[in-house]
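Working notes, structure below.
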Amino acid sequence: MALSESYLEDDIHPIDIVENLAAHHDWDFDRIGDDQIAMAVEGQWRTYSITLAWSGYDETLRMVCTFEMEPPEEKLGKLYELLNAMNDECWAGAFTYWADQKLMVYRYGLVLAGGQMASPEQIDTIIRAAVISAERYYPAIQLLVWGDRTPKDAMQVAIAEAYGRA
């Protein structure tokens with residue numbers, strides 16, 4: 001059964017859908033408010049903190065996937081160069097580094113203007129895309145920050161995208 005088959009009502013809040021997905025996948029989550037949810041999703045390299053928030057004002061479901069990282073100050077220039085290279089390869093979403101919070105961040109916004117509804121499959125896909133992207137580039141980030149590799153060399157170890165289904 002497709003994830004969306006269990007949603008027959010016309011007007012389901014996107015965060016309600018996210019909450020049901022988190023329960024379905026057995027992810028730890030906390031419904032922070034009516035318009036926001038935070039969860040932990042286990043990856044191969046680490047556990048990622050994922051927050052989704054609904055903005056009715058601009059009709060956007062925002063997703064932020066983070067993990068802690070404290071690169072040495074002298075590596076920040078090269079890290080930003082690597083982030084640009086990573087973002088050139090990302091079709092949806094983008095990476096950034098929040099230095100004040102010491103967080104590596106992958107962000108995505110699903111615009112649902114005009115009263116559009118998000119499907120469970122769409123939301124599941126953006127969450128999975130965030131984890132897949134973080135997993136793909138995590139080794140490159142580590143090699144650049146701790147292994148003294150250049151951004152170009154670090155990008156060579158980024159796990160190639162998998163095609164097909166397991």
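The residues of the chain present an accessible area of 59 Å² per residue when probed at 1.4 Å with all protein chains retained.
At the residue level, Val64 shows approximately 40 square angstrom of accessible surface with a 1.4 angstrom probe and all protein chains present.
Cα axis of helix 76-89 to longest principal axis of the chain: angle in degrees, 0 to 90, nearest 10? Here the helix axis deviates by roughly 50 degrees.
Net charge of the neighbourhood of Ser55, taken over other residues with C-beta under 11 Å away and scored Lys/Arg +1, Asp/Glu -1, is -2. With axes computed from alpha carbons, what is the tilt in degrees of helix 14-25 against the longest principal axis of the chain, rounded to the nearest 10 within 0 to 90? So the inclination is approximately 70 degrees. Over the C-alpha trace of region 49-137, radius of gyration and Dmax come out as 14.3, 47 angstrom. The share of accessible area on region 28-107 that comes from carbon and sulfur is 45 percent, using a 1.4 angstrom probe. For the chain, the longest principal axis of the C-alpha atoms and the axis of helix 120-147 are separated by about 10°. Does the chain come out rounded, prolate or oblate, given a ≥ b ≥ c as the square roots of the eigenvalues of its C-alpha gyration tensor, rounded meaning a/c under 1.5 and, failing that, prolate meaning a/b above b/c? Here the chain falls in the prolate category. Restricting region 55-101 to chymotrypsin sites (Phe, Trp or Tyr not before Pro) that sit in a DSSP loop and have at most 11 other Cβ atoms within 10 Å of their own Cβ leaves Tyr57, Trp91.
Dipole orientation for the chain: of the candidates Thr150, Ala23, Tyr57, Thr150 has the Cα lying most toward the positive pole (charges on Cβ; Lys, Arg +1; Asp, Glu -1).
The values are calculated or read from the model by the stated rules, or taken from the named source; none is laboratory data. Keep in mind that this is a model prediction, so the values were computed, not measured. Quick reminder, even Gly has a Cβ in these numbers, built from the backbone with ideal geometry, and neighbours come from all protein chains shown. Accessible surface is based on the protein model in full, side chains and every heavy atom, while ligands, DNA and RNA are left aside. Shrake-Rupley method; radii C 1.70, N 1.55, O 1.52, S 1.80 Å.
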